[in-house]
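Asker: The structure that follows is given in the form of structure tokens.
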Amino acid sequence: MLVVMVVAVAVVLWAIMVYNSLIQLRVRGDGAWADINVQLKRRYDLVPNLVETVKGYAGHEQRVFQQVSEARSRAMQASAPSDKATAEGALSGALKSLFAVAEQYPQLRASDNFTALQQSLAQIEEALQGARRYYNAVVRDYNTKLAVLPDRVVAQLGGFTPRDFFQLDRAEERSSPRVQFP
């Protein structure tokens, strides 16, 4: 009888530890997603300034400015990791078009304001890349814990579900916008 009680207590303690570790991973995932959103917000706030600066030199490129604004709007409205990744890919592509337009204007490239905006965007892209890597590492650990036995049993009983990775589908979306000029 004593052995059965000890085994039962051990199983309950093990289940509690697994449950708590799943909760910790879920909370870390939420925090990592919030970090991505902070970096994306910084990026979204920077984009209008970048567009306005380029507009001052290349006002006739309305199509590019409209694409950037629309892509920014879609990216801000996306919420799920897969939707956010798709919208971010479109925004990165639109920013590449904006920088391609800017390359045609040497006086713009020489502007201190434009240079500062480029540097800010480069810093944001670097921070965003780090936040994405951290988020995906937490999601990997969480999803792995959900899939392995015997932790899977506790996860199913606790109603834990896998999370999506923050990944970009197309190769050109995976690269950050070019922000350095010759």
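Asker: Need the C-alpha centroid separation for region 97-115 versus region 11-74, integer Å.
Answerer: When both Cα centres are located, 25 Å separates them.
Asker: Which of the aspartates and glutamates could a cross-linker bridge to K41, judged by Cα under 15 Å and excluding same-chain residues fewer than eight apart?
Answerer: By straight Cα distance, K41 reaches E88, E125, E126.
Asker: Right, here's the next one. Please rank Y142, Y44, fewest neighbouring Cβ atoms within 10 Å first, as an exposure proxy.
Answerer: Least crowded to most crowded, the residues run Y44, Y142.
Asker: Okay, moving on. Take region 4-100, drop everything but the C-alpha atoms, weight them equally and run the Debye formula without solvent; then report log10 I(q)/I(0) at 0.22 Å⁻¹ to two decimals.
Answerer: Log10 of I(q)/I(0), two decimals: -1.05.
Asker: Turning to a different aspect of this structure: Using only DSSP helix segments of four residues or longer, with each worth -39500 (n - 2.57), what per-residue ellipticity at 222 nm results for the chain after dividing by its residue count and rounding to 500?
Answerer: Here the helix-only value at 222 nm equals -28000 deg cm²/dmol.
Asker: What ranking of M1, M17, M76 emerges when the number of other C-beta atoms within 10 Å of each C-beta is taken as an exposure proxy, fewest first?
Answerer: If I rank by nearby Cβ atoms, fewest first, I get M1, M17, M76.
Asker: State the answer as a single residue: which of Q123, G31, M76 lies farthest towards the positive end of the charge dipole of the chain, with beta carbon charges of +1 for Lys and Arg and -1 for Asp and Glu, about the Cα centre.
Answerer: Farthest along the dipole direction, towards plus: G31.
Asker: For the chain, what is Rg from Cα atoms divided by 2.2 N^0.38 Å, rounded to two decimals?
Answerer: The reported ratio for this selection is 1.43.
Asker: What is the dipole size for the chain, taken about its Cα centre, with +1 at each Lys and Arg Cβ and -1 at each Asp and Glu Cβ, in debye to the nearest 20?
Answerer: 220 debye
Asker: Each label point is 7 Å from the Cα along the Cα-to-Cβ direction; what then is the distance between the points at A8 and V153, in nm?
Answerer: 1.6 nm
Read the figures in this text as sums done on the coordinates, not as results from a lab. Fair warning: this is a prediction, and the values are worked out from it, not measured in the lab. Note: ideal-geometry Cβ built from the backbone for every residue, glycine included; neighbour counts use all protein chains shown.
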